[in-house]
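Read the structure below first, then the notes.
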Amino acid sequence: MSAVRSLRKLGRAALVGTASRGGMPHALEHVVQAHRRHHQDADLDALRRAYLLAESSHRGQMRKSGDPYITHPLAVTLILAQLGAGGTTLTASLLHDTVEDTDVTLEQVRSEFGEEVAYLVDGVTKLEKVDYGAAAEPETFRKMLVATGNDVRVMSIKLADRLHNMRTLGVMRPEKQVRIATVTRDVLIPLAERLGVQALKTELEDLVFAILHPEEHVRTRELVRDHRAAADPLEEIAEQVRGILREAKVTAEVLIRPRHLLSVHRSRLKRGELGPCDFGRLLILVGEEADCYAVLGELHTCFTPLISEFKDFIAVPKFNLYQSLHTAFADPQGRVAEVLMRTHHMHKVAEAGVVALGNPHRAEPAAEPAADGERSDPTQPGWLSRLLEWQSHAPDPDTFWAALRDDLAQDREITVFCGEPGSAAGTAALHLPGGATCLDAAFARYGEEAHRCIGARVDGRLTTLATVLRDGDVLQLLMAAEGGSGPSPEWLDHARTPAARISIRRRLELESPAGQAGAAKADGAEPEPVAGTSEAQRDSLHDAPPSAASAGSGAVAEELPGHTVRLARCCTPVAPDAVTGFLVRGGNVTAHRDSCATVRRMRDAGRAQVAVGWRGGRAACRVTLQAEAFGRQQLLADLTETIAVQGAAVLYAAVEPPCEQRVRHTYTLRLADSRELPALMRAMRAVPGVYDVARVTKPVH
């Protein structure tokens, strides 16, 4: 039944009022018929009572089209019933405008229909308060995501509500049509895609296409009309396929699935002039998953397959739960047909997505997180959890809105398999937008801990964090020790996902001088001075170490046992280096390597020396190493992996431009035990191409 005829019948039924046949109002007949096709034994009493309450509370209200207002919740409910939504969702759909637009209260809904229906009505009511003005959009859609994250049925009702409103948008002023269509295109259609509700998505796309690109829409509609006026060659090809499958004793239903208008338009832009087989695809429905592959084998045997068009979304479903086999073949006449193969259940999910996947509040044990990072409850998709996670950290509405639009604009997702280095256990499937990098994968896998990532292997080969991933890549992320490494501003050039970009930007702001000063004030402490003119202030600037390098340095002032010994950053001494100490501001002692230029300068200035020694046992240290090597690809990745394997944390890294095919890498590292330094330097020297690794003494200015 077409959308227009459905609306007309609903309108006539609404005018009849509450007259009933067999106890069921006439206006609900189409809804009940659609509901029964999916739920034969459903109890209809709540649906009947919900309609009676909605009709009586909306009585006298009219839509701008001139139709009784009750036609709107009826139409929204019919859309959801046709998709296979459950009775609770349909009941809430009938009531979704009552709390907002009538005297019915949420407490009344809760009392008469239960907590679950009241929760859904409340969620949709909050979304109904949306002002689609530019200033209101960011915070509105933040609330929308939160509501959706708690129960995707809220968004299902909202999408059906938007579809009906788009169908009747012609009564609005042109500028308002454009504004609503633009928001629908940018946010609601991508959300429908991610929730897997293709039936809603495709109709919304065509309605938006007509408003935002009217000339192209008319041209495409004429192309489709001309195509339908002639014989469709796909009918002949479909009959050939039916014969092949009958002969192979594969039970299957072979249908022709016409492309919707926007799909035809996109195909024309991609291919130029369209051929007679480009206006639709073959859809083959079978009973079992194995039959999909049996059909694929027959098609590839009897026709010439286009291998580049083959995709297996059964073995690796899309992020929105979509499953099908895709292929294309050429028949003996050279006509190319695209084919989709799926089971009947896969087809239901492909059309209705989460709407058809049951009740997230069913009385079963709470679902445990799945090993691949997605929730085992399909109505709570993992991408939505990640979206909720990064939106909660977005610093302001504008950042959130920009990130949301960028994220939803991704019309392609890839799946990569991320495992722990050296272990086959713990492999996770990460679902990322097309164009995502190793850095994005790190944040998807480890969250805030991704700041420790220093490199990666893709399909066994060392690579940088900036490497763009491809579908099916096998990834290993190399992590520095706890507390090591950290983001650099360049990471923002390599991150594509909002989760990564927001986290990196937030960490960079915290680590900036302004951010550290703010953190110090929040802790009730004054920030350390960062400038000065006296010699003592210069020493303080050079020598001020991180906490791990002072309290746990392992160095002691032999003649001043009560004084704290700090290890100078200019020469980064570690046990058992020969060191000399000097008293600095605050009564502390700063220890320098004997070979450090600062020692000679301070001796010449007449500064009193303090004997410093090393106490035994494990002592953390900070050290700067310089590796000189012959330039080659993957050298940086090999060195950073070696450092990570040795357990050192990278605090700073720099690579000088190559000179005469030689390159110099400088690393400032933190080791949990200074006695591990010789082994680390030997391991770095063993990296192919490296011909020297030495400790660095920074010049003092």
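The values are calculated or read from the model by the stated rules, or taken from the named source; none is laboratory data. Just so you know, these numbers come straight off a predicted model, no measurement behind them. Cβ: placed from backbone, ideal geometry, glycine included. Neighbour counts: every protein chain shown.
A few notes on this one:
- Ala683 more than 24 Å from Ala578 (Cβ to Cβ) and modelled with pLDDT of 80 or more: yes
- Of all residues in the stretch 297-346, those satisfying the criterion of being part of a helix (DSSP H, G or I) and surrounded by 21 or more Cβ atoms within 10 Å (Cβ to Cβ) are Leu299, Met346.
- Test set (1) assigned to a strand (DSSP E or B); (2) over 16 Å from His665 (Cα atoms); (3) at pLDDT 85 or above - Arg622 fails condition number: (3)
- Within the stretch 70-100, considering residues that are among the polar types (S, T, N, Q) and under 30 Å from the mean Cα position of the chain (by Cα), the one surrounded by the most Cβ atoms within 10 Å (Cβ to Cβ): Ser93
- Members of the stretch 167-192 that are surrounded by 22 or more Cβ atoms within 10 Å (Cβ to Cβ) and not aliphatic (A, V, I, L, M): Thr184
- Matching option when the condition is more than 30 Å from Val178 (Cβ to Cβ) and in contact (Cβ under 8 Å) with a residue 40 or more places away in the chain, among Leu223, Leu306, Leu296, Leu325: Leu296
- Close contacts from the stretch 260-275, counting a first residue that is under 15 Å from Glu338 (Cα atoms) and a second that is among the basic types (Lys, Arg) and surrounded by 14 or more Cβ atoms within 10 Å (Cβ to Cβ), with Cβ to Cβ under 8 Å and a gap of 6+ residues or different chains, come to Ser267/Arg259; Leu274/Arg268; Gly275/Arg335.
Each row is one residue, and each column tells you yes or no for (1) among the β-branched types (Val, Ile, Thr); (2) at pLDDT 95 or above; (3) under 38 Å from the mean Cα position of the chain (by Cα).
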| position | (1), (2), (3) |
| --- | --- |
| Leu28 | no, no, no |
| Ala34 | no, no, yes |
| Ser56 | no, no, no |
| Thr102 | yes, no, no |
| Lys126 | no, no, yes |
| Pro138 | no, no, yes |
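- Put simply, of Leu651, Leu669, Leu636 the only residue that is assigned to a helix (DSSP H, G or I), outside the structural domain of Ala480 (by TED's automatic domain parsing) and touching a residue at least 24 places away in the same chain (Cβ under 8 Å) is Leu636.
- Test: Leu262 is out of contact with any Gly (no Cβ under 9 Å at 6 or more places or on another chain), in a strand (DSSP E or B) and hydrophobic (A, V, I, L, M, F, W, C): no
- Qualifying residue in the stretch 234-245 (condition: touching a Ser or Thr at 6+ places or on another chain (Cβ under 9 Å) and assigned to a loop (DSSP other than H, G, I, E, B)): no
- Filter pass, Glu273 being among the acidic types (Asp, Glu) and either surrounded by 14 or more Cβ atoms within 10 Å (Cβ to Cβ) or under 33 Å from the mean Cα position of the chain (by Cα) (or both): no
- When the residues of the stretch 428-480 are filtered to those that are within 25 Å of Asn320 (Cα to Cα) and of a type in the set (Ser, Thr, Tyr), the one that is modelled with the lowest pLDDT is Tyr446.
- A count restricted to the stretch 97-127 and to residues that are assigned to a loop (DSSP other than H, G, I, E, B) and farther than 25 Å from Asp41 by Cβ stands at 5.
- Residue count, the stretch 603-619 (criterion: part of a loop (DSSP other than H, G, I, E, B) and surrounded by 20 or more Cβ atoms within 10 Å (Cβ to Cβ)): 1
- Taken over the stretch 571-584, the criterion of being touching a residue at least 60 places away in the same chain (Cβ under 8 Å), out of contact with any Cys (no Cβ under 6 Å at 6 or more places or on another chain) and under 13 Å from Val696 (Cα atoms) is satisfied by Thr572 alone.
- Criterion: over 20 Å from Glu490 (Cα atoms) and crowded, with 17+ Cβ neighbours inside 10 Å - qualifying residue of Thr640, Thr598: Thr598
- Residue match in the stretch 597-608 (condition: in contact (Cβ under 8 Å) with a residue 24 or more places away in the chain and within 52 Å of the chain's Cα centre (by Cα)): yes
- Scanning the stretch 252-306 for residues that are more than 23 Å from Arg219 (Cα to Cα) and of a type in the set (Gly, Ala, Ser) turns up Ala252, Gly287, Ala290, Ala294, Gly297.
- For the stretch 113-124, the candidate set comprises residues that are of a type outside the set (A, V, I, L, M) and buried (at least 16 other Cβ atoms within 10 Å of the Cβ); within that set, the residue that is modelled with the highest pLDDT is Phe113.
- The set of residues in the stretch 626-675 that are under 18 Å from Asp577 (Cβ atoms), more than 38 Å from the chain's Cα centre (by Cα) and modelled with pLDDT of 85 or more contains only Gln626.
- Residue list for the stretch 574-594, filter: loosely packed, with under 15 Cβ neighbours inside 10 Å, under 27 Å from Asp692 (Cα atoms) and among the small types (Gly, Ala, Ser): Ala578
- Selection of the stretch 440-460 for residues being over 19 Å from the mean Cα position of the chain (by Cα) and assigned to a helix (DSSP H, G or I) yields only Arg452.
- Residues that are crowded, with 19+ Cβ neighbours inside 10 Å and either among the small types (Gly, Ala, Ser) or within 10 Å of Leu262 (Cα to Cα) (or both), drawn from the stretch 207-225: Leu207, Val208, Phe209, Ala210, His217, Thr220
- The stretch 572-602 - residue that is touching a helix residue (DSSP H, G or I) at 6+ places or on another chain (Cβ under 7 Å), closer than 21 Å to Met681 by Cα and not in a strand (DSSP E or B) and, of those, modelled with the highest pLDDT: Val574
- For the residues Glu193, Glu253, Glu273, the requirement of being outside any helix (DSSP H, G or I), among the charged types (D, E, K, R) and at pLDDT below 95 singles out Glu273.
- Hits in the stretch 204-233 - residues which are assigned to a helix (DSSP H, G or I), acidic (Asp, Glu) and over 36 Å from the mean Cα position of the chain (by Cα): Glu222, Asp226
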